[in-house]
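These notes are about the structure you will find just below.
The values are calculated or read from the model by the stated rules, or taken from the named source; none is laboratory data. Quantities reported herein were computed from a predicted structural model and do not represent experimental measurements. Backbone-built Cβ (ideal geometry, glycine too); neighbour counts: all protein chains shown. Heads up: the accessible areas ignore ligands, DNA and RNA and are worked out on the full protein's heavy atoms, side chains in. Shrake-Rupley method; radii C 1.70, N 1.55, O 1.52, S 1.80 Å.
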Amino acid sequence: MDKIGLINKIFTSVNSIDLGRKGLDTDGEEHDGRLNYEDGIFSAMTAFQEAQKTADCGLLILTEETFLRQELHYCDTNDAITLSSLTQAVQSFGDAQRSLDVVNRPSTYQEAEKTHPTTKFRKHGLPQDAFHQACDAHRTRLSNSLRTPGVNMKEKAVIQQRVANMKTAVSAYIEKQRAALK
């Protein structure tokens, strides 16, 4: 699937999930709510699985950031904790993209690598930069969601896929780091 099609699938899946949740919470709208919710969950799972198959770290974080931005868009303005968490996640993925831009320019990355301590803040001997930090923090955020009682198993499966995508993104990014530092 092309990048635009994948991002569009993320937009529509979050919209369907939101419509579904609202329908499930409205008397007389439960059936349509369930259908929208199920469609959104299925579409999200498909999109995240397609993104993972690419093993493209840039596409993986773009997919996740798009999902987060959409969740932020639909988030209740009174839900300060969730708004703060989503905003922080979106900002950290912006920083991750900046790291990815630099690692794609090997001579620049070789110089930037010198600014990281040689013993601390390393992952597999490589700088644990903003890309690693964003993916690790988000994986923790998602893993915490898996511990929440009442989240249905289909939604937990999507969250587990998103965790797997963060691992794939980091693995692909490590390969880019190694290539840039040769």
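What are the residues in segment 82-121 that are open to solvent by less than 70 Å² (accessible area, probe 1.4 Å) and not in a helix (DSSP H, G or I), if any? H116, P117, listed by residue number. Look through segment 146-165, keep the residues that are of a type in the set (G, A, S) and not in a loop (DSSP other than H, G, I, E, B), and return whichever of them is surrounded by the fewest Cβ atoms within 10 Å (Cβ to Cβ). In this case the residue turns out to be A157.
Could you grab the pairs with beta carbons closer than 6 Å, sequence gap of 6+ or different chains, first residue in segment 84-106 and without any contact (Cβ under 8 Å) to a residue 24 or more places away in the chain and within 15 Å of P127 (Cβ to Cβ), second one part of a helix (DSSP H, G or I) and aliphatic (A, V, I, L, M)? Once the first residue is without any contact (Cβ under 8 Å) to a residue 24 or more places away in the chain and within 15 Å of P127 (Cβ to Cβ) and sits in segment 84-106, its partners that are part of a helix (DSSP H, G or I) and aliphatic (A, V, I, L, M) give V102/A112. Checked against the criterion of being open to solvent by 80 Å² or more (accessible area, probe 1.4 Å) and either without any contact (Cβ under 8 Å) to a residue 60 or more places away in the chain or among the hydrophobic types (A, V, I, L, M, F, W, C) (or both), segment 55-62 has no qualifying residue. Is it the case that some residue within segment 43-53 is open to solvent by 70 Å² or more (accessible area, probe 1.4 Å), at negative phi and not in a helix (DSSP H, G or I)? No, segment 43-53 contains no residue that is open to solvent by 70 Å² or more (accessible area, probe 1.4 Å), at negative phi and not in a helix (DSSP H, G or I). When residues in segment 63-78 are screened for being over 24 Å from A164 (Cα atoms) and hydroxyl-bearing (S, T, Y), 2 of them pass.
If you go through segment 170-182 and pick out every residue that is assigned to a helix (DSSP H, G or I) and either among the basic types (K, R) or closer than 19 Å to S13 by Cβ (or both), you end up with 2. Looking only at segment 148-182, filter to residues that are among the charged types (D, E, K, R), under 24 Å from L126 (Cβ atoms) and out of contact with any Cys (no Cβ under 9 Å at 6 or more places or on another chain); which one of those is modelled with the lowest pLDDT? So, considering only residues that are among the charged types (D, E, K, R), under 24 Å from L126 (Cβ atoms) and out of contact with any Cys (no Cβ under 9 Å at 6 or more places or on another chain), the one modelled with the lowest pLDDT is K182.
Scan segment 8-31 for residues that are more than 25 Å from the chain's Cα centre (by Cα) and surrounded by 15 or more Cβ atoms within 10 Å (Cβ to Cβ) and jot them down. Those that are more than 25 Å from the chain's Cα centre (by Cα) and surrounded by 15 or more Cβ atoms within 10 Å (Cβ to Cβ): G23, L24, E29.
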